[in-house]
Amino acid sequence: MDELGRVGKLTIPTKFSLIPKVLTHGVPNLRGELGTRKAIEFVHATPLEYLGRWIAANEVFGDDVKLTAVVQWPSGQSQQNGCATVLLFSYGLRKGSGHGMSG
């Protein structure tokens with residue numbers, strides 16, 4: 001926690017949570033022809049999608065999460081442009097309204 005009472009949250013590259021996405025899969029039928037089917041699956045979110053969810057949480061819940069820094073460095077993994085992206089967020093801790101929090 002810093003002097004302003006804020007704590008930080010650091011993301012790990014490629015771990016920006018999951019989002020639902022409609023994907024199309026090839027499915028062979030009984031005649032040996034390839035058909036398709038659609039399915040909702042969870043895929044890894046991009047840093048921008050992850051940031052969008054934080055912005056939405058601020059709006060819906062009145063939170064005060066702020067993007068503090070975006071860090072990119074060369075990575076051995078296949079990331080965008082060969083770099084790993086890390087997002088650093090900060091947010092203030094506040095006393096709960098009696099829903100399981102004491103103090």
Filtered residues of the range 1-35 (kept if among the hydroxyl-bearing types (S, T, Y) and either closer than 29 Å to V65 by Cα or within 11 Å of the chain's Cα centre (by Cα) (or both)) = T11, T14, S17
ask   = Here are some conditions: (1) at pLDDT 80 or above; (2) on the phi > 0 side of the Ramachandran plot. E59 meets all but one. Which one does it not meet?
value = (2)
inquiry  = So, K38, is that one part of a strand (DSSP E or B) and within 30 Å of A69 (Cβ to Cβ) or not?
reply    = no
task = Quick one: which residue in V86, V22, V43, V70 is surrounded by 10 or more Cβ atoms within 10 Å (Cβ to Cβ), modelled with pLDDT of 90 or more and assigned to a strand (DSSP E or B)?
result = V43
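The values are calculated or read from the model by the stated rules, or taken from the named source; none is laboratory data. Remember, it's a predicted structure, so these values are computed and weren't measured experimentally. Glycine gets a Cβ as well: all are built from the backbone with ideal geometry, and neighbour counts include every protein chain shown.
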